[in-house]
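Note sheet for the following structure.
The values are calculated or read from the model by the stated rules, or taken from the named source; none is laboratory data. Please read all numbers here as calculations on a predicted model, not as lab measurements. Neighbour counts run over all protein chains shown; Cβ positions are idealised from the backbone, glycine included.
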C-alpha cells in the first residue's frame, strides 16, 4: 500500500470516528433520560413498600438487585457452588454463565470497589456501548440516522429495559453480539471471533451467532466457501471461535461437578425449564392463563417482525433472530415476556422503518411502551414474578 493510500485510510478512519462520536450526544441523552426515568419510578415504588424486616432490603440498590442479579453476585463473591438455594430446591448458580460475574469480580478487585456497585457500573457502561455499536451496525448496512436513533429509543423504552441498568448480563451480551456482527460484516474476522467466543461465555444462546456467520459466508463467498474452505479460511475464524466460551464452561463444569451439562441440569431441577417441541409448547402456552399466554403473544409479534427481515434481504439477521425465537418457543415457560427480546435489535429496526414515516403512530407506540415499562419497573421493585 502506498503512502498516499495510507494517508487516505487514516483520514477516512478519523472522519468515521468523528461521525460516530457526533451521535454520542443523542444516544447518551436517550439512554440517560430513560435510565433516570426508570430510577425515579423505582424510587417511588420503593417508597410505596411497607416497612421491611431487614434494613438492607430497604435500599433502592438492594431492590434493584433481584433474581438473576443475586445469582450473578453469588458467583462474583464466592464462585460456583453446588449448594442448592434454601428457597428454591435444585437451583444452583451453575445455571448462569461466567463472563459477567467474573468480569465484575476482576474489575472490583482492580479498582478496590464494592462488587455490587461494580456490577451496576458494568451493566450501564456495556449497555451504552452496545447502543453505540447498534448505531454503527445499522449505519453500516445503510440505515438512515433518524431510523437508527428511533431503534435506540425503542430499545431504551421497551418494557423490562431496566435489565440494561441492573446487574444482569443483557448489556454485556448485546454489546458482544453486535460487535461480533459488526466486525463480521467489516471482514475483521479475528475481532469478530474473539467477540463471539466471549458471547458464548456470557449466555448459552450466544452460540447462535454461528448461524449469522454461516449465512454471511454463504452470501459473501457462495457455496464454494464450504466445499473448498481453504480458499477463504479467515472467514471461518469467527465460526470456529464462537463455541469456545461455551466449551470452556462445560469443561469447568465437568471438572468441578462431574457433569459437563450442570447448566441445563440446574435449570431443569431448580427452575423446571426444559426444552419442548415448539409445535407442542406454543398451543399449551396459548391455552394457559395470564403471563404465559401474554408472553407467547408477544413472541408471535416478534416473529412477525423477524419475517419482515426476509423482505429486507437481511438473511443473516433473520437466521440469528429466528434461532433465538425457536429457543424461546421450545422453553417450558416460553421465556420472559420482554427481556429476552432486548438484544433482537434487527427486529426493532424493522419496526422503526414502519414507524418512522408515521410520527403520530410513533408517539403513540413509544408512549405505550413507556407506560408498560413503568408498570414492569414498579413490579420489579415490588418483586412481582412476572417482572423478571
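I'd like the full set of residues that are modelled with pLDDT under 85 and buried (at least 19 other Cβ atoms within 10 Å of the Cβ), limited to segment 60-94.
63 - this is the single residue of segment 60-94 that is modelled with pLDDT under 85 and buried (at least 19 other Cβ atoms within 10 Å of the Cβ).
Which numbered condition trips up residue 294, out of (1) at pLDDT below 95; (2) in contact with a helix residue (DSSP H, G or I) (Cβ under 6 Å, 6 or more places away or on another chain); (3) part of a helix (DSSP H, G or I)?
Only one criterion is unmet by residue 294, namely (2).
So which of 194, 178 ends up being at pLDDT 95 or above, crowded, with 24+ Cβ neighbours inside 10 Å and in a helix (DSSP H, G or I)?
Being at pLDDT 95 or above, crowded, with 24+ Cβ neighbours inside 10 Å and in a helix (DSSP H, G or I) holds for just one of 194, 178, which is 178.
Does any residue of segment 200-208 turn out to be surrounded by 23 or more Cβ atoms within 10 Å (Cβ to Cβ) and assigned to a helix (DSSP H, G or I)?
Scanning segment 200-208, I find at least one residue that is surrounded by 23 or more Cβ atoms within 10 Å (Cβ to Cβ) and assigned to a helix (DSSP H, G or I), so the answer is yes.
Name the pairs: first residue in segment 124-145 and buried (at least 21 other Cβ atoms within 10 Å of the Cβ), second residue outside any helix (DSSP H, G or I), Cβ to Cβ under 8 Å, at least 6 apart or on different chains?
Final answer for the pair search is 127/165; 135/23.
What number goes with the only condition from (1) free of Cβ contacts under 8 Å to residues at least 40 places away in the same chain; (2) surrounded by 14 or more Cβ atoms within 10 Å (Cβ to Cβ) that residue 271 does not pass?
Residue 271 satisfies every listed condition except (1).
Condition (residue is touching a residue at least 24 places away in the same chain (Cβ under 8 Å), in contact with a helix residue (DSSP H, G or I) (Cβ under 7 Å, 6 or more places away or on another chain) and surrounded by fewer than 19 Cβ atoms within 10 Å (Cβ to Cβ)) applied to segment 334-350: is it met by at least one residue?
no
In segment 163-174, is there at least one residue being under 17 Å from residue 356 (Cα atoms), surrounded by 21 or more Cβ atoms within 10 Å (Cβ to Cβ) and touching a residue at least 60 places away in the same chain (Cβ under 8 Å)?
Among the residues of segment 163-174, not one is under 17 Å from residue 356 (Cα atoms), surrounded by 21 or more Cβ atoms within 10 Å (Cβ to Cβ) and touching a residue at least 60 places away in the same chain (Cβ under 8 Å), which makes the answer no.
Go through segment 337-388 and give me each residue that's under 25 Å from residue 324 (Cα atoms) and part of a loop (DSSP other than H, G, I, E, B).
Answer for segment 337-388, where residues must be under 25 Å from residue 324 (Cα atoms) and part of a loop (DSSP other than H, G, I, E, B): 337, 338, 342, 343, 344, 388.
Between residues in segment 202-223 that are under 9 Å from residue 316 (Cβ atoms) and residues that are outside any helix (DSSP H, G or I) and modelled with pLDDT of 95 or more, which pairs lie under 8 Å by C-beta distance while being six or more apart or on different chains?
Here the result reads 213/242, each pair linking segment 202-223 to a residue that is outside any helix (DSSP H, G or I) and modelled with pLDDT of 95 or more.
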